[in-house]
């Protein structure tokens, strides 16, 4: 049975991003100054981010206009398609209807340029010459390299060491768009040198790479730092995914009963879910929101909801979020984009309020179902959204047992064509289940500062 594809015209690319902050229950927890632990104003963020990005980070405007030059770049791949996975439904023998929104059609192959492009544009408009950033699996670094290339900026990417080694093809991709790529921890920064002195063979972490990128940008008045997940403005930019998906579900004549996505920092799941969250909070929809993370990095399911630093060196603002502790060094699993110690404050608040439900799954189960999905639908998922693929297939199996005709939707936020080493390891039987222990989580959380506001 063939796929059914739902597409939109170019003129249906959203003209505004949706900002969920005005619609969240309760008062948002402010970022805190890393030195004083008092609420942090926009003036101190100016050392790292351009003015427009800071304004969007703190904005209470529900709708934010997308600049025309950004929409022009978006046209290269947006609107992205949504599919009804009929072949997968048939393979699972389920009465459920399965839909997935596919972001792997962008030039870097993921959802990440949805925010990289506007961040590069705003930096260019404000006279910045260079942008520094970190990347885990390489998807964010690739997106920022693409975006800086589009707007004639320099890009410096600190790539987590284990991913730098596991995914060598990501490096020439970033370099082809003009970016400089270095393995983190590196000897280029004080933070990196300190980490290497402590552990010369460190696999790195996103917290370490963030520390290096932040330090690099802070020392150069012509540079800014750019983050691809976690922060409010990033989730706002990513809302184009969910806004398009709402139109495509109208085309299909259905509404999702459960919306599933992976989360490492929260950008992709925030992007598809938040436009639907508003409808649920307003009482206009009844649906489940399910966030999937790896058992190796169970930030929601074993972490705590509290203030913590975004980087391992304690330089960034303290944010109230689910965290495993900023000193957390994750096991070197292949889903490099899901190896971050913290989660987006917006998603953290929604999980804390019971609006969203997190679940942790094994990478073995994830790869098994990702291979089955590829066999049915033809697309090989990246390991990160493979977690969402697995949970969607599990939900469809539950429907097979109960006879429920649910509409199951998930976000396939990137392809896995740079991850063949990971698939080879799974298919050859070399991959192992990895679970972060309660003891390790407690030890890491003990190093989080005792701060509240």
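Descriptive notes on the structure:
- Residue that is surrounded by the most Cβ atoms within 10 Å (Cβ to Cβ) [pool: residues in region 352-372 that are in contact with a strand residue (DSSP E or B) (Cβ under 6 Å, 6 or more places away or on another chain) and over 22 Å from residue 160 (Cβ atoms)]: 356
- Some residue of region 279-286 being in a helix (DSSP H, G or I) and either in contact (Cβ under 8 Å) with a residue 40 or more places away in the chain or more than 28 Å from residue 102 (Cα to Cα) (or both): yes
Residue-by-condition table, conditions (1) touching a strand residue (DSSP E or B) at 6+ places or on another chain (Cβ under 9 Å); (2) farther than 27 Å from residue 425 by Cβ:
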{"residue": "295", "(1), (2)": "yes, no"}
{"residue": "301", "(1), (2)": "yes, no"}
{"residue": "306", "(1), (2)": "yes, yes"}
{"residue": "314", "(1), (2)": "no, yes"}
{"residue": "321", "(1), (2)": "yes, yes"}
{"residue": "325", "(1), (2)": "yes, yes"}
{"residue": "339", "(1), (2)": "yes, no"}
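- Any hit, region 90-109, residues being in contact (Cβ under 8 Å) with a residue 40 or more places away in the chain, in a helix (DSSP H, G or I) and surrounded by 16 or more Cβ atoms within 10 Å (Cβ to Cβ): yes
- Residue 147 assigned to a helix (DSSP H, G or I) and in contact with a strand residue (DSSP E or B) (Cβ under 9 Å, 6 or more places away or on another chain): yes
- Unique match (being without any contact (Cβ under 8 Å) to a residue 40 or more places away in the chain, closer than 29 Å to residue 258 by Cα and not in a helix (DSSP H, G or I)) among 354, 429: 354
One line per residue, one yes/no per condition, for (1) crowded, with 19+ Cβ neighbours inside 10 Å; (2) within 18 Å of residue 297 (Cα to Cα); (3) modelled with pLDDT under 95:
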site: 393; (1), (2), (3): yes, no, no
site: 403; (1), (2), (3): no, no, no
site: 411; (1), (2), (3): yes, no, no
site: 421; (1), (2), (3): no, no, yes
site: 425; (1), (2), (3): no, no, yes
site: 432; (1), (2), (3): no, yes, yes
site: 435; (1), (2), (3): no, yes, yes
site: 440; (1), (2), (3): no, yes, yes
site: 446; (1), (2), (3): no, yes, yes
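- Residue that is farthest from residue 69 (Cα to Cα), among those in region 124-145 that are without any contact (Cβ under 8 Å) to a residue 40 or more places away in the chain and crowded, with 24+ Cβ neighbours inside 10 Å: 142
- Breaking point among (1) outside any loop (DSSP other than H, G, I, E, B); (2) under 19 Å from the mean Cα position of the chain (by Cα); (3) modelled with pLDDT of 90 or more, for residue 337: (3)
- Residue under evaluation residue 152, criteria (1) over 20 Å from the mean Cα position of the chain (by Cα); (2) on the phi < 0 side of the Ramachandran plot, criterion not met: (2)
- Evaluated against (1) farther than 30 Å from residue 96 by Cα; (2) touching a helix residue (DSSP H, G or I) at 6+ places or on another chain (Cβ under 9 Å); (3) not in a loop (DSSP other than H, G, I, E, B), residue 439 falls short on exactly one condition, (2).
- Pair list, Cβ under 9 Å, 6 or more apart: region 165-184 residue at positive phi, other residue surrounded by 14 or more Cβ atoms within 10 Å (Cβ to Cβ) and part of a loop (DSSP other than H, G, I, E, B): 178/153
The values are calculated or read from the model by the stated rules, or taken from the named source; none is laboratory data. The structure displayed is predicted, hence computed values, not measured ones. We place every Cβ from the backbone using ideal geometry, glycine too, and count neighbours over all the protein chains shown.
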